[in-house]
Every structure is written in structure tokens, then in C-alpha cells.
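These notes are about the structure you will find just below.
The values are calculated or read from the model by the stated rules, or taken from the named source; none is laboratory data. Computed from a predicted structure; not experimentally measured. Quick reminder, even Gly has a Cβ in these numbers, built from the backbone with ideal geometry, and neighbours come from all protein chains shown.
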Amino acid sequence: MRLWTAIKMTLVLTVLTGIIYPVLITVVSEGIFPYQAQGSLITRDGHVVGSELIGQNFNAPGYFHPRPSAAGNGYDPTSSGGSNLGPTNKTLVDTVRQRLKETLEQNPGTSAGDVPISQITASGSGLDPEITIAGAQLQAARVAKARGMSNPAVLDLINAHIRHRWAGVVGEPGVNVLELNLALDRLNAAPAATAKAD
């Protein structure tokens, strides 16, 4: 008798939580939030170039660079996660030192104290689509030089793309790297030598 009750409960819960609930949530979300339900995809010239929610690697001088990623080979949504290395782990320390060195080389005139920690450490998900305002401002001079733009023009573009705290209190302000780089391309086509994003 108990076995039959367990089998029935398993079947009922499987149908409810495995079929009815997912279908209901999908239909409701598609109806109310179609953009978000489809992955918050960003298009350019009719082609999907990415998502608002998942970072991607830009390494050319004329683009803003994202936060480092430890997800797979970088920004791999099927392998989301951090490095899981502790703060005293030699590999992590060496990796952060190397990232700091590269950041300083890529952004001349910058000192180590100017570099936000988030620009040289990977996030827990490895998929962060945003960088801090300080992380974007750090890169403004490099981007301006590579594109032949004025530094104030690039800083204005950063300010126009800041995502503020929700309701003024929740979360930290940030700048979506993909949206900012697309806005740069609309405003000022990247030089051929630097236009490629990895």
C-alpha cells in the first residue's frame, strides 16, 4: 500500500512540477516579459550579437574590456563558475598580478591604486556583463586614443550607459560592456586594426 502511494505521489509531482509548472511559467513569462524570456538578446543590423545578461570577451584597444572570466575558456555559459581558488593560493595571486600588469600596460598613465579590484579578479559566475563605473573610466583614455575621440566624449558615453541602483537602493551601479561597445561603434566606427572583439 505504501509503495503504491509513493508511486502515485511521484507521478503526480512529476506532472505538476515537471510539466504543468514549467509550461505555465513559460507561457506567462513569454506573455508578460517576452524580451527577458527570450534571453535579453541584443541585435545589430538584424543579427544577434549577444545578451544583456552574459559577458563576452573584448580585447581590442578600441573597446572596453570586461571583467575577467573563469568560466570555461571565458564567458562560457555552459561552464559558469569561479576559479574556486582561495585568497592565498599562489596560482590566484600570480594570475591577479599578471592581470594587473596587463591592465597597467594597456592603460598607460594608470597606477595600481587606480585599478578597481573587479577589473583583475573574476566573478563567481564568470559571466558578468557589467563592469564598475571606475572600471569603465579607467579604460576611457585608451579607448579614446584608439578611436581618435576626445576623452570627455568617451566619458560622456560611459555616463549615458550607467545602470543605477534599482529603486535607488538595491545593487551597485554598473556599465554593460556589450551595450557600451555597441554605442561606441554607432558613434565612432572602430579603426580596422582594433575593431575585432575576441
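Brief remarks follow.
- Checking residue 88 against (1) closer than 22 Å to residue 132 by Cβ; (2) modelled with pLDDT of 90 or more, the condition it does not meet: (1)
- Number of the condition not met by residue 52 [criteria: (1) acidic (Asp, Glu); (2) free of Cβ contacts under 8 Å to residues at least 24 places away in the same chain; (3) surrounded by 10 or more Cβ atoms within 10 Å (Cβ to Cβ)]: (2)
- Residues in region 135-173 that are within 18 Å of the chain's Cα centre (by Cα) and part of a loop (DSSP other than H, G, I, E, B): 161, 164, 165, 171, 172, 173.
- Residue in region 122-141 that is more than 22 Å from residue 184 (Cα to Cα), of a type in the set (S, T, N, Q) and out of contact with any strand residue (DSSP E or B) (no Cβ under 7 Å at 6 or more places or on another chain) present: yes
Let's see how each residue does on (1) touching a strand residue (DSSP E or B) at 6+ places or on another chain (Cβ under 9 Å); (2) of a type outside the set (Lys, Arg):
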| residue | (1), (2) |
| --- | --- |
| 10 | no, yes |
| 21 | no, yes |
| 58 | no, yes |
| 61 | no, yes |
| 75 | yes, yes |
| 78 | no, yes |
| 89 | no, yes |
| 97 | no, no |
| 100 | no, yes |
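- Residue in region 78-86 that is part of a helix (DSSP H, G or I), of a type in the set (A, V, I, L, M) and surrounded by fewer than 17 Cβ atoms within 10 Å (Cβ to Cβ) present: no
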